[in-house]
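This report refers to the structure that appears directly beneath it.
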């Protein structure tokens with residue numbers, strides 16, 4: 001959606017699936033490898049920057065949800081990304097280590113790591129792959145507002161997409177044995193070194209993920225901007241075109257990609 005609308009506004013765009021997910025290759029499927037996720041963005045720059053119709057000195061990036069943190073991770077070591085925008089960003093490192101609003105205790109974190117480590121033995125010996133996290137498949141009276149929000153997108157026709165190798169049971173679910181790698185992921189460390197390249201952090205006023213954009217904005221160096229979308233939640237900015245600030249994205253990239 002973002003690639004299509006930005007293309008309609010005059011930009012050359014490339015939409016990618018991360019390695020191990022969707023239409024991209026990589027085994028095992030649904031593996032968590034944050035360094036490879038960042039590499040995917042640099043690989044996209046490799047491709048775009050070698051097209052005859054693209055100015056390699058005017059390449060920007062939009063990262064949505066978890067990919068916002070992966071785009072930042074890539075930009076820290078890839079100066080070819082000249083302008084960075086994130087939408088409804090999740091810092092997957094902080095979310096995995098601490099939970100939302102620091103709701104995960106150290107003891108709970110250690111228990112998760114122990115279970116994941118034990119699962120590696122099972123899979124090494126040919127056992128069944130186990131998955132974790134992701135969007136619930138059924139709602140109950142006890143389902144949280146966040147679970148309901150993601151369910152409305154990922155488990156309905158609104159966000160339904162199951163490319164080859166994916167099923168509704170695996171979409172959004174990383175493998176249990178690899179998901180702990182996020183706990184070693186610190187995308188906001190040294191974020192200030194991206195300066196003087198500009199950063200734009202877009203988040204919804206009511207987004208449960210708002211804390212991550214605010215953290216990134218606080219740590220980043222100028223030029224930077226935190227843009228709050230009124231009356232918007234986290235998932236609203238995935239596809240609610242009446243809420244997504246495309247005019248802001250267009251003006252941001254047109255201003256900074258010409259420098």
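The values are calculated or read from the model by the stated rules, or taken from the named source; none is laboratory data. Here the structure is a predicted model, which is why all the values come from computation and not from measurement. Cβ sites come from the backbone with ideal geometry, for glycine too, and all protein chains shown count toward neighbours.
The figures follow:
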item: Region 1-12, residues that are surrounded by fewer than 16 Cβ atoms within 10 Å (Cβ to Cβ) and either out of contact with any helix residue (DSSP H, G or I) (no Cβ under 7 Å at 6 or more places or on another chain) or under 19 Å from residue 81 (Cβ atoms) (or both); result: 3, 4, 7, 8, 10, 12
item: Hits in region 224-242 - residues which are touching a helix residue (DSSP H, G or I) at 6+ places or on another chain (Cβ under 9 Å) and surrounded by 15 or more Cβ atoms within 10 Å (Cβ to Cβ); result: 224, 225, 226, 227, 228, 229, 233, 234, 235, 236, 238
item: Matching residues, region 208-233, being in a loop (DSSP other than H, G, I, E, B), more than 15 Å from the chain's Cα centre (by Cα) and either under 13 Å from residue 89 (Cα atoms) or free of Cβ contacts under 8 Å to residues at least 12 places away in the same chain (or both); result: 233
item: Residue list for region 35-71, filter: in contact with a helix residue (DSSP H, G or I) (Cβ under 6 Å, 6 or more places away or on another chain) and part of a helix (DSSP H, G or I); result: 37, 38, 41, 42, 69, 70, 71
item: Among (1) modelled with pLDDT of 95 or more; (2) more than 24 Å from the chain's Cα centre (by Cα); (3) part of a loop (DSSP other than H, G, I, E, B) - the single one residue 104 does not satisfy; result: (2)
item: Any chance residue 143 is in contact with a helix residue (DSSP H, G or I) (Cβ under 8 Å, 6 or more places away or on another chain), over 20 Å from residue 62 (Cβ atoms) and not in a helix (DSSP H, G or I); result: yes
